[in-house]
1. Yes or no: B:GLU141 over 25 Å from the mean Cα position of the chain (by Cα) and crowded, with 23+ Cβ neighbours inside 10 Å?
2. Closer than 21 Å to B:GLY342 by Cα and among the polar types (S, T, N, Q) - does that describe any residue in region B:89-104?
3. If you take the residues in region A:71-101 that are modelled with pLDDT under 90, assigned to a strand (DSSP E or B) and of a type in the set (Lys, Arg), which one is farthest from the chain's Cα centre (by Cα)?
4. Would you confirm, using the coordinates I've provided, whether A:THR73 is free of Cβ contacts under 8 Å to residues at least 12 places away in the same chain and either within 15 Å of A:TYR33 (Cβ to Cβ) or in contact with a helix residue (DSSP H, G or I) (Cβ under 6 Å, 6 or more places away or on another chain) (or both)?
5. Just need a number here: residues in region B:79-135 that are closer than 16 Å to B:LEU774 by Cα and under 15 Å from the mean Cα position of the chain (by Cα).
6. Pick out the one residue from B:GLY873, B:GLY864 that is within 19 Å of B:GLY817 (Cα to Cα), more than 33 Å from the chain's Cα centre (by Cα) and not β-branched (Val, Ile, Thr).
7. Among (1) within 7 Å of chain B (Cβ to nearest Cβ); (2) out of contact with any strand residue (DSSP E or B) (no Cβ under 6 Å at 6 or more places or on another chain); (3) crowded, with 16+ Cβ neighbours inside 10 Å, where does A:GLU50 come up short?
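The values are calculated or read from the model by the stated rules, or taken from the named source; none is laboratory data. All values derive from a computational prediction rather than experimental measurement. Cβ coordinates were reconstructed from backbone atoms using ideal geometry, including for glycine residues, and neighbour counts include every protein chain displayed.
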Amino acid sequence: MPPTSNKTPNALLHGALDALILKTLTRGPSHGYAVARFIEETTGDAFLIEDGSLYPALYRLERKGWVEAEWGTSELGRRAKLYRLTDAGRTQLAAEMATWRKFSTGVSKVFAT
Amino acid sequence: MKRSLRSWLWRVPLDQEFDEEIALHLEMRTRELIAAGMDPAEARAQAIRKMGDVRTLKRECVDLGRKRDREMHVTLFLEELRDDIKFAFRQLLAAPAFTLVATLTLALGIGANSAIFALVDATLLRALPYPNPDRLVTIWETSAISAKGFVSPPNMQDWNSRSRTFEKIAGFTPSVASMVLAKNDGTAETISRQWVTAGIFDVLGVPPIAGRTFTADDEQKRARVVVFSEGLWESRFNRNPAIVGKEVKLDGELWTVVGIVPKEFEILGKTSMWAMRPFVNMPPRARASYQLQVVGRMKPGVSIEAAQSDLVAVANGLAREFPDFNKDRGVALEPMHDTMVGSDLKITSMLFLGVVGFVLLICCANVANLLLARATARTRELAVRSALGAGRLRIVRQLLTESVVLALIGGVLGIGVGYGILRVAPLLIPDGLLPGTVILQFDMRVVAFCAVAALIVGVLFGIAPAWQATSFSSPEVMGSDTRTTTGSGGRLRSLLVMGEVATAVLLLFGAGLLLRTLMAVESFDRGFKARNVLTMLVDPLGSTYPTPEKLRQFFDQVEADTRALPGVQDVAWSSAVPLGESVFGEYPFNYQVVGDAPLEASRRPTTNYQIVSPTYFSTLDLAIVAGRNFDERDAPASPRVAIVNEALARSLGGRNPIGLQLAVVPADSPNDKPAIVEIVGVAKQVKQRPDETSDFVQLYTPLGQDLVGDIMLMVRTQTDRASALAPSVRSVIENIDRTQTTSVASVTTLEDVEWAATGRHRFRAVMVSAFATLAVVLAMVGVFGILAYSVQMRIRDFGLRRALGATSGDVIRLVVGGAAKVVAAGMAIGLVLSAAFARLITTMLFGVQPLDFVTFALVTIVLGIMTALAIAGPAWRAARIDPAQALRQK
């Protein structure tokens, strides 16, 4: 198997998931479950992921400095780890959205012919 | 800052953090499913299913979290470090005088240390330049009179063949002598040569860079073979490989140059070539010829203890087999590195290391003092930073960064200082102190040493001031005036100065003892007068003077013509220079009174053997205490005579030595027919070394009856400029030997020989004195600094006192009294330390006791004077304070 064949969808998925998380967090700090719910609701199940895969993504984003974690309180009144978008995260999101728009306009143009 | 908050304030372990997060997720998902009408148990199960493999997730997340934490710490640390360094440079640039003094002080300290480190590194730390050097041992023969004796060739060969723990054992003669190389243009040159046995290059593992080394076959054939050093090959033969395999004429015989070995091999002896001495079909008595220094290469994995017990068993066997020679003789092993370095060098290196270490401590104390003073002035700045939220550790870290930056600048300058010292130091190092051709090199190891030293030093002198500077309560300091801040800072400074003075006293005392030793060694009566004597090695080519008569005629002619030169007082020939070179190398003879019961070979006394002309004793002003001097009666045909020295005379059991006959035979060829000589005189004892423990035994024979091919010419001049006569003497020789093939070498004066003989004492005394002087100056700068500073801080106090009626004398008393107390305490501590440390250098002393009162007194006086000078300035300034002005000053 050529080494690239498996990587592209994975990387694409990663990138998309990262962007979705960042976008979700623009609405304010949330914990992991809230992020998962929001993605489920807004994508209308078009983007089906395991709940679990969300967390490595969050940790990865935190390592990159795009989100930061703080302790807050959940709806259940318990201590919850909340993720907040950082300035670097905002910049990153803008960049990803721009790339995405360019990509999708391009694809749309092709489909429109 | 924000990101770090989480980890600093809510320090939850990563795996717990993850567990909580997942638990919350599962719970909320379950609730949602129940709310949608699902059965609770089923909802829980589905939530878990939807989550996936939690264990894998956890591993992945915790791993990511750890990496993030690490990176965060590093980033944060680096950011803070960068800020601190920037800030440190700004601070240092803002106080150029402080920075200059501090860095120069550190440069001196670190530089001195780096130079000494290079010495220690070259000698003690570095392994011998041979493969697997830890397997090389020196093997000595022991006897009742010697714990480290040289070895007889048959014993060495038996050790080699009978031991099971050695790969190979070989030997070499400990001294280097010379041979005359006849050159193609008809001229001759004296070349240093060391004798070795066939296996020596194999034992040491030295591969030739051209040709080959010696083989067992060479030895069996008794081949005349020689190996050149790379140095000789380079300087005389332009690295021409064609020389290998060629024959050269050495001392009139043809020798084959079989190979060239690299420079590193010269560590065995400072020589230009190695000639093989074959030992085959030796007579039994050769066992009593102790002439070789022996090295063995142990088999891999063999410990020196195992090798020792193996060889002891072999030696015991030999003692049973050859009781005549080997009874009561054993073996002793030591690592070859120890033999090469020698205890003298080791102890000297340790001494220097200790001394420069103390100097560096004084440097640190001085800089710490400066920092303390600065810290007091900066108290407000630091208090403000503290009030703005910087923790104490953070401020300490910043101050430490400042001191480390300071130390690193000092370290860089120190590299320069060290390099300078290393350029000069080799000129001071006496010949023979360093083994072979060890060269002091300034390499990356020394630079690395400077870097490490600077870091340690930076923390060392920075930590106390930094801690001190941050021990305040902010409101109090900010509301107050800097000048009124006193307290423990002052105490710490006093302690530092006390320590500096104590260390300076210690070093000064050590220097004093070594200088007194040097003086004792130099003024020591050797039994002869060394002033105004020119010496040189004269080596005529054997083929020009084929018979003893011809050679004697040549010597007589040279002596007569030299005597005729203006300014010459006396001329003599001798096979050796007292304290210096001998044409034989170390070549002992056995002697015994004719008629006495023969002694076992291992018990026969040995004597040094020297051939001299009758004028030798008058030239050196060496007294004949009994009997007569040599004269014209002692011709080749007359009965052989000898003059013995006092030590030899004493060894004859109280008999009157005059008229006794001695049987004399070279110790390395006891089977030779002994020469019978009659003692006609006793010469005064010549001392080789001032610290020699046993008197040197010496036998002189007349040149008229005994000949040697190369010989030292000694010329006593009437004026001080003995060395100026050298060219005239050379031209005398050239005029006599028309073939111009007489080699003249080692042109020097006896004073220079003497100077070299006391070299190691001088080296130690000069080095330690230099460092002690540096230490005293630094300590006095410290005393001056603290005093000047405290006067500055107390101007208003003094002004007030003056206004209230104190005289300027009172103020001076106040200043001097305070300083004197600190210095006196430091001196007392220093003297106590000196008394304790003096014991450590006892072996380096001569003619002075470790607790020498004169030295104690001198050190006290010198330091007293220096202190007075250091105190005078600040005291004078304090006395001149104008009360009115001082009180107006804010």
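1. Values: over 25 Å from the mean Cα position of the chain (by Cα): yes; crowded, with 23+ Cβ neighbours inside 10 Å: yes.
Spelling it out, B:GLU141 is indeed over 25 Å from the mean Cα position of the chain (by Cα) and crowded, with 23+ Cβ neighbours inside 10 Å.
2. As a first pass, look at region B:89-104 and keep what is closer than 21 Å to B:GLY342 by Cα: none.
The answer is no; no qualifying residue exists.
3. So, considering only residues that are modelled with pLDDT under 90, assigned to a strand (DSSP E or B) and of a type in the set (Lys, Arg), the one farthest from the chain's Cα centre (by Cα) is A:ARG79.
4. Details: free of Cβ contacts under 8 Å to residues at least 12 places away in the same chain: yes; either within 15 Å of A:TYR33 (Cβ to Cβ) or in contact with a helix residue (DSSP H, G or I) (Cβ under 6 Å, 6 or more places away or on another chain) (or both): yes.
Criteria met by A:THR73.
5. Applying the first criterion (closer than 16 Å to B:LEU774 by Cα) to region B:79-135 yields B:101-116.
Still in the running and under 15 Å from the mean Cα position of the chain (by Cα): B:112-116.
Summing the residues that are closer than 16 Å to B:LEU774 by Cα and under 15 Å from the mean Cα position of the chain (by Cα) in region B:79-135 gives 5.
6. Working: B:GLY864 fails: more than 33 Å from the chain's Cα centre (by Cα).
The unique qualifying residue is B:GLY873.
7. Of (1) within 7 Å of chain B (Cβ to nearest Cβ); (2) out of contact with any strand residue (DSSP E or B) (no Cβ under 6 Å at 6 or more places or on another chain); (3) crowded, with 16+ Cβ neighbours inside 10 Å, only one is false for A:GLU50: (3).
The rows are residues; the columns are (1) exposed (fewer than 15 other Cβ atoms within 10 Å of the Cβ); (2) modelled with pLDDT under 80; (3) of a type outside the set (Asp, Glu); (4) out of contact with any helix residue (DSSP H, G or I) (no Cβ under 9 Å at 6 or more places or on another chain).
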{"residue": "B:THR123", "(1), (2), (3), (4)": "no, yes, yes, no"}
{"residue": "B:SER146", "(1), (2), (3), (4)": "yes, yes, yes, yes"}
{"residue": "B:GLU167", "(1), (2), (3), (4)": "no, no, no, no"}
{"residue": "B:PRO174", "(1), (2), (3), (4)": "no, yes, yes, yes"}
{"residue": "B:LEU181", "(1), (2), (3), (4)": "no, no, yes, no"}
{"residue": "B:ASN184", "(1), (2), (3), (4)": "yes, yes, yes, yes"}
{"residue": "B:VAL203", "(1), (2), (3), (4)": "no, no, yes, yes"}
